[in-house]
Structure formats: structure tokens, C-alpha cells
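Peer 1: One structure, pasted below without further comment.
The values are calculated or read from the model by the stated rules, or taken from the named source; none is laboratory data. Everything numeric in this text was worked out from a predicted model, so none of it was measured. Here the Cβ is made from the backbone with ideal geometry for all residues, glycine too, and neighbour counts use every protein chain on show.
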Ligand SMILES: Cc1cc2nc3c(=O)[nH]c(=O)nc-3n(C[C@H](O)[C@H](O)[C@H](O)COP(=O)(O)O)c2cc1C
């Protein structure tokens, strides 16, 4: 199957629908996620671009009521964490990238070019400290976070993005290293409420045309 074969008949329409029908849904149906759909949503989100193709985004998928209870406790007790069949934690790990730079370089480049490119990338990021790299990395993870929400909606699921949690406690709970930076938590499932209609600035309010 080629990439073209996999494309829906009307790509623009399905993207438009996903964007227009996505809204934060905080009550989700309590039935386990279809695991194939979950994988496909993660695969689609993994196609998000990153600068220099560094790919620092990582996912932690939680489908465990006990762990969700603990996650809720460090997320200001927001009930959508335990109301969802799954929660996807989206974070960036720039130190993982730095330890494995070669795997991010396109294999089509050939051995010598891969080495040279990897060396260049290492040099660029080694000049920054861990916190600077972390901030740079989370900007990349945020792009995947957006892709994740739309991929989910495109396959008929709903989500609520969340930054209301204590990062240190979440790191501790999930056994993640101190240097990782979070794009957010994403409870996911089938909608059990309609959510609120969009309330947004007009294009004119937020755009300058030159
Ligand atoms: C980065 C980010 C963090 C958010 N954190 C929370 C949160 O912790 N709890 C919550 O209930 N909603 C959270 N939201 C949801 C926003 O309130 C919501 O996206 C916004 O009001 C627009 O509504 P809509 O998503 O339905 O279009 C967050 C949204 C974003 C993008």
C-alpha cells in the first residue's frame, strides 16, 4: 500500500472537520480504548515535524485506574484524569535525543554524511545547558501535542489538553528523569458530553496582512 492509497478521498475536509469538531471534553465514556486506534493515533502524532528532525517527543500511555487516581491527585484533583479510559502524557526528552543523535538522521544520507550531521547536531545542543535544551525540546513536543488532539478527533475520539498538574510529582510518579519537560496530559476516549462551542478571536483581531 502506498501513502497515496491510504489517503482518505477528501483529506482537506477530514482535517477541517477534525479541527472544527475538536473541543475540550472532560467527561469521557468509561470503556477501554480500542488498542489499534490508540496505536494509530500515536503513530499519526509521531509524524509531527520537529526542527532538524530531532524528534524529542515521547509519550507515556496510562490505562490503569490506580495510576490514574495517583495522577489525578497531583493534577489538582481534576476528575477528567480518572473519567477517561486512557491518559497520554506528552513530554520531550532532549537528553535521550543527545545520547542517540544518529537515529534521527535520515538513513538515505549515507554513512559519512550521517556522521557529519550527527556531529553538527551534537555540537549545537551541547553548547546549551539542560534547561535551555529542555525548553527547546518542549516547543517541539507541543507540535506533536496538537497533532495528537487532531489525530484523535479524526478517528472519532475526544480529548482535553491539560497543563494543570505538578510536573515534579508527575515525573516522580511515572519514573521519568528530572530533565524531561511536559507538553501536557491528554485524557482521551469517546465523548460523554458535548463540551462548549468555540469562543475565539476573529482572524482580523489576531492577524496582520502585509
Ligand atoms: C496547553 C493547555 C492546557 C490546558 N490545561 C487545562 C487543564 O489543566 N484543565 C482543564 O480543564 N482544561 C485545560 N485546558 C483546556 C482549555 O481550557 C481549553 O482548550 C480552552 O478553554 C478552549 O476550549 P476548547 O478546547 O473546548 O476549544 C488546557 C488547554 C491547553 C491548550
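Peer 1: Filter the helices (runs of 4 or more DSSP H) completely within the stretch 111-192 down to those with at least 1 residues that are under 22 Å from residue 51 (Cα atoms) and touching a residue at least 12 places away in the same chain (Cβ under 8 Å). Reasoning before the result, please.
Peer 2: Numbers: elements: 111-126, 130-154, 167-174.
It comes to 111-126, 130-154.
Peer 1: Go through (1) buried (at least 19 other Cβ atoms within 10 Å of the Cβ); (2) more than 16 Å from the ligand (Cβ to nearest atom); (3) closer than 20 Å to residue 67 by Cβ one by one and return the number of the condition residue 170 breaks.
Peer 2: (2)
Peer 1: With the requirement that a residue be over 21 Å from residue 196 (Cβ atoms), surrounded by fewer than 21 Cβ atoms within 10 Å (Cβ to Cβ) and under 8 Å from the mean Cα position of the chain (by Cα), what does the stretch 134-161 give you?
Peer 2: Answer for the stretch 134-161, where residues must be over 21 Å from residue 196 (Cβ atoms), surrounded by fewer than 21 Cβ atoms within 10 Å (Cβ to Cβ) and under 8 Å from the mean Cα position of the chain (by Cα): 142, 143, 147.
Residues are listed down the side, and each one gets a yes or a no for (1) under 18 Å from residue 162 (Cβ atoms); (2) within 16 Å of the ligand (Cβ to nearest atom); (3) surrounded by 13 or more Cβ atoms within 10 Å (Cβ to Cβ); (4) at pLDDT 95 or above:
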site	(1), (2), (3), (4)
3	no, no, no, no
8	no, no, no, no
28	yes, yes, yes, yes
36	no, no, no, yes
52	no, no, yes, yes
56	no, no, yes, yes
67	yes, no, yes, yes
88	yes, yes, yes, yes
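Peer 1: Right, next: Hey, can you tell me all the residues within the stretch 174-191 that are more than 14 Å from the ligand (Cβ to nearest atom) and either under 23 Å from residue 97 (Cβ atoms) or modelled with pLDDT under 95 (or both)?
Peer 2: Those that are more than 14 Å from the ligand (Cβ to nearest atom) and either under 23 Å from residue 97 (Cβ atoms) or modelled with pLDDT under 95 (or both): 174, 175, 176, 177, 178, 179, 180.
Peer 1: What's the total number of residues in the stretch 80-127 that are closer than 28 Å to residue 66 by Cα and in contact with a helix residue (DSSP H, G or I) (Cβ under 8 Å, 6 or more places away or on another chain)?
Peer 2: The total comes to 11.
Peer 1: For the stretch 154-165, which positions are in contact with a helix residue (DSSP H, G or I) (Cβ under 9 Å, 6 or more places away or on another chain) and within 11 Å of the ligand (Cβ to nearest atom)?
Peer 2: Matches in the stretch 154-165: 158, 159, 160, 161, 162, 165.
Peer 1: Okay, moving on. Could you tell me whether residue 138 is out of contact with any helix residue (DSSP H, G or I) (no Cβ under 7 Å at 6 or more places or on another chain), within 16 Å of the ligand (Cβ to nearest atom), closer than 27 Å to residue 63 by Cβ and at pLDDT 95 or above? Give the steps one after another, and end with the answer.
Peer 2: Numbers: out of contact with any helix residue (DSSP H, G or I) (no Cβ under 7 Å at 6 or more places or on another chain): yes; within 16 Å of the ligand (Cβ to nearest atom): yes; closer than 27 Å to residue 63 by Cβ: yes; at pLDDT 95 or above: yes.
Against the criterion (out of contact with any helix residue (DSSP H, G or I) (no Cβ under 7 Å at 6 or more places or on another chain), within 16 Å of the ligand (Cβ to nearest atom), closer than 27 Å to residue 63 by Cβ and at pLDDT 95 or above), residue 138 qualifies.
Peer 1: Okay, moving on. For the stretch 91-110, name all the residues that are under 23 Å from residue 142 (Cβ atoms) and assigned to a helix (DSSP H, G or I).
Peer 2: 94, 95, 96, 97, 98, 99, 101, 103, 104
Peer 1: Assess whether residue 108 counts as being away from the ligand (no atom under 16 Å from the Cβ) and either touching a strand residue (DSSP E or B) at 6+ places or on another chain (Cβ under 6 Å) or modelled with pLDDT under 95 (or both).
Peer 2: Yes.
Peer 1: Determine, yes or no, whether residue 113 is at pLDDT below 95 and more than 22 Å from residue 173 (Cα to Cα).
Peer 2: So residue 113 passes the test.
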